[in-house]
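Please read the structure below before turning to the comments.
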Amino acid sequence: MCGIVGAAAQRDIVPVLVEGLRRLEYRGYDSCGIAALGDGRLERVRSVARVADLADQVSKLKLAAQTGISHTRWATHGAPLTHNAHPMVSRDEIAVVHNGIIENYEDLRSELKAAGYAFDSETDTEVIAHLVRSYYDGDLFQAVRRAVKRLSGAYAIAVIAKSQPHCVVGARAGSPLVVGVGTQEMFLASDALALAGTTERIAYLEEGDVAEIGREGFRVRDAADREARRVVRVVKAGSAPVELGPYRHYMQKEIFEQPSAVAATLEGVEAVTPALFGKDALRTLQGARSVLILACGTSYYSGLVAKYWIESLARLRTQVEIASEYRYRDSVPDATTLVVVVSQSGETADTLAALRHARKLGQKRTLAICNVATSAMMRETRLRFLTHAGVEIGVASTKAFTTQLTALFLLALLLAKLGKRLPARAEAQHVKRLRHLPTALASALALEPQVIAWAERFAKKEHALFLGRGIHYPIALEGALKLKEISYIHAEAYPAGELKHGPLALVTREMPVVTVAPNDALLEKVKSNMQEVRARGGELYVLADADTRISTQEGMHVIRLPEHYGLLSPILHVVPLQLLAYYTALARGTDVDKPRNLAKSVTVE
């Protein structure tokens, strides 16, 4: 989602600010901007186009400065228009960029208006700029510290003042912010990736921190307004750009990277051991009597699959909760529950908040499954498993999902083993199947030509229904999500057994019905549900295993997966659904990698 870059240096830092925004583009945004201090002036440039347009404007203006802040914005308060783009400026003195949402902005706005401050935008962020200005008397660090005490909600901010041209002040609560340490230059950013190629020395700010950076160093005061030290560590964020190679879009590239991503995630896994999840894993997991999985979006669907695995293999009661809902209801905490948070970025605001809520309730056994080693989620849990999907740029998650499933299956096996429910022979068979998974995924990707033929039909539709049963119902959910988020076709998913309880009323020849039909214990039930669709004139698109005796005929189109893969079948069946969404979106001419209204990392609630 929104991105922040700030710098104070002895050189021109405008190129660093712009390049930092380029590195954060994949997260999604609808406007961008920069504010810079040079020659006694505060200059601001904003755009509702891409960062490339901002760079062109900056170049034409010959903008140069030694101190500045820049931002990519994903609109919350106020439409994506230039006057709502960050940075926000107060009385030509204070400039602010902000990630997050200020919940009490209306009260503060009224107060500041009464004090004579004029508002030029509809954003909550402008409140911060005016509030800091109202406290400013020549000490920006002190003004920001006073201002943030008045803010309710989530924020990461970077602030500059015209009369203090060699410092930037940042603060965070609920949104990430890091300090980058260079030689006679210092940086702020919402993600270490923004500073890749500039510095690898990173300090992570903690909840409630306010930090001031200058050319020679930085200082921090914590949530209790005490001086604090934050450890500087070397973070290899990767400075090389991610190239598309022969692919048309990053999503297509990432779909085809799944065999290698899963192989990388399984690198070195020869047996199921506690060490896979951290040095304290044995003690933490042995005492777990139930499992609670917290996640959002695609990660939530991976958790739903894991529920089947954990309850079947380990016989541990497992709940899966949408993170954005979990902390707003009265739940029944249990100190023996293992809390598992799943996220691609590790910065998902709702999931982080749910994790912290679970800990406050006394549930201290925590595990993060995440694709970013340096993320807040990985730092805040007792145990962690790093998936090795690599950078995922397409907003619609693909390889992050299949690597999450791989990690969750390993967790299910380990819990079963610790509970003495996984004999050595069964463990060896499961590990062997996992090791073969990259090859099986490559075979699933070979179905691409058949999926393209389906996509040509889907591109003309406006609605679609996805069906699955048991462990494959979450895969139907994921297939529907992928189709709707990049092709803009309205798609819903249901357990196939629920057809006759309502969704069957929607079925016509104009409503394609995608059915996931592996050869498992529920196959005959699924076949009966398919007949219900055919009897109403519906058109079926079926993903079937080779030995299901389901064949193409009038009103039924069948793609056969090359391998029957038992418990790991969901990881294979999702691949054709990813391809279907991609090629349907391609046929409809949508922006595949940056679908409208969506962001890659959801860092606001």
Inset, instruction - Please list, in chain and number order, the residues 5+ apart from M511 or on another chain whose amide H is under 5 Å from its amide H, with Hs placed from the backbone. - result: E539
Legend entry - Gyration tensor verdict on segment 1-135 (Cα atoms; rounded if a/c is under 1.5, prolate if a/b is larger than b/c, oblate otherwise): oblate
Legend entry - C-alpha center-to-center spacing [segment 251-298, segment 21-83] in angstrom: 38 Å
Legend entry - Backbone HN-Hα couplings from phi across segment 517-523 [Karplus 6.51/-1.76/1.60, Hz, Gly and Pro as x]: 10, x, 8, 10, 5, 9, 4
Legend entry - Separation of alpha-carbon centers, segment 89-145 and segment 568-584, rounded to whole Å: 47 Å
Legend entry - Integer Hz, Karplus 6.51/-1.76/1.60 couplings in order for segment 81-88, x for Gly and Pro: 10, 4, 5, 9, 6, 7, x, 9
Legend entry - Calculated [θ] (222 nm, deg cm²/dmol) that DSSP helices of n ≥ 4 give over the chain, each run adding -39,500 (n - 2.57): -11000 deg cm²/dmol
Inset, instruction - Determine, at each q value in 0.05, 0.06 (inverse angstroms), the log₁₀ of I(q)/I(0) that the Debye formula gives when each Cα of the chain is one equal point scatterer. - result: -0.23, -0.34
Legend entry - Spin-label proximity, A49 to segment 55-80 - amide N less than 14 Å from point 7 Å beyond Cα toward beta carbon: 55-61
Legend entry - Calculated Rg and Dmax of segment 445-601 using C-alpha coordinates, Å: 14.5, 43
Legend entry - Distance (nanometres) between label positions extended 7 Å along Cα→Cβ at R509 and D137: 7.9 nm
Inset, instruction - Over 32 Å between C-alpha atoms is what I'm after, so list which of K460/K500; K417/K527; K149/K484; K461/K500; K279/K399; K307/K460 land there. - result: K417/K527; K149/K484; K307/K460
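Counting only heavy atoms of the protein chains, get the accessible area per residue of the chain (1.4 Å probe) and round it to a whole Å² value.
About 38 Å² of surface per residue is accessible.
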Inset, instruction - Measure nothing fancy, just the Cα-based angle from helix 569-588's long axis to the longest principal axis of the chain, in degrees from 0 to 90, nearest 10. - result: 60 degrees
Inset, instruction - Give me the orientation-averaged projected area of the Cα convex hull of segment 19-82, in nm², one decimal. - result: 4.5 nm²
Inset, instruction - Give me the percent of DSSP beta bridges within segment 253-386 that run antiparallel, rounded to the nearest 5. - result: 0 percent
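Of all the accessible heavy-atom surface of the chain, with the other protein chains kept in place and a 1.4 Å probe, what percent is carbon and sulfur?
Answer for the chain: carbon and sulfur cover 49 percent of the accessible area.
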Inset, instruction - Have a look at the DSSP beta bridges in segment 485-605 and tell me what percent are antiparallel, nearest 5. - result: 10 percent
Inset, instruction - Count the net charge of all other residues whose Cβ sits under 13 Å from the Cβ of T336, scoring Lys and Arg as +1 and Asp and Glu as -1. - result: +4
Inset, instruction - Answer with one residue from Y155, T123, V144: the one whose Cα lies farthest towards the positive end of the charge dipole of segment 72-169, charges on Cβ with Lys, Arg +1 and Asp, Glu -1. - result: V144
Inset, instruction - Work out from phi, with θ = phi - 60° and the Karplus expression 6.51 cos²θ - 1.76 cosθ + 1.60, the ³J(HN,Hα) of each residue of segment 199-208, listed in order in whole Hz, and give x for Gly and Pro. - result: 7, 10, 8, 10, 10, 8, 6, 9, 3, x
Inset, instruction - With a Förster radius of 41 Å, plug the Cβ-Cβ distance of A521 and E462 into 1/(1 + (r/R0)^6) and report the FRET value to the nearest 0.05. - result: 0.75
Inset, instruction - State, to one decimal in nm², a quarter of the convex hull surface area for the C-alpha atoms of segment 318-374, i.e. the direction-averaged projected area. - result: 3.8 nm²
Inset, instruction - Go ahead and run the numbers for FRET between D330 and A223, Cβ-Cβ distance against an R0 of 22 Å, rounding to 0.05. - result: 0.25
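Let's test the formula: R0 of 60 Å, r as the Cβ-Cβ distance of K420 and V231. What FRET efficiency results, to the nearest 0.05?
Details: r = 41 Å, r/R0 = 0.68.
Once rounded, the FRET efficiency stands at 0.90.
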Inset, instruction - Collect residues whose amide H, placed 1.01 Å from N in the peptide plane, falls under 5 Å from the amide H of F385; neighbours closer than 5 in sequence don't count. - result: A368, I369, C370
Inset, instruction - Looking at the chain, send over the antiparallel percent of its DSSP beta bridges, to the nearest 5. - result: 60 percent
Inset, instruction - Give me the Kirkwood hydrodynamic radius of segment 371-416, using the inverse of the mean 1/r over all pairs of distinct Cα atoms, in Å to one decimal. - result: 11.7 Å
Inset, instruction - Name the residues whose placed amide hydrogens come within less than 5 Å of the amide hydrogen of L188, ignoring near sequence neighbours (fewer than 5 apart) on the same chain. - result: G6, A7, G180
Legend entry - For segment 309-340 versus segment 343-394, the gap between their alpha-carbon centres in whole angstrom: 15 Å
Legend entry - Positive-end extreme of charge dipole, segment 178-322 - chosen from M186, P246, A271 (charges on Cβ): A271
Legend entry - Added length on full extension, which subtracts the Cα-Cα distance from 0.36 nm per residue, R435 to D280: 53.2 nm
Inset, instruction - Measure nothing fancy, just the Cα-based angle from helix 51-61's long axis to the longest principal axis of the chain, in degrees from 0 to 90, nearest 10. - result: 20 degrees
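The values are calculated or read from the model by the stated rules, or taken from the named source; none is laboratory data. From a predicted model like this one, the values you see are computed outputs, not experimental measurements. Ideal geometry is used to build each Cβ from the backbone, glycine not excepted, and the neighbour counts take in all protein chains shown. We work out accessible area using only protein heavy atoms, side chains counted, and drop any ligands, DNA or RNA first. Shrake-Rupley method; radii C 1.70, N 1.55, O 1.52, S 1.80 Å.
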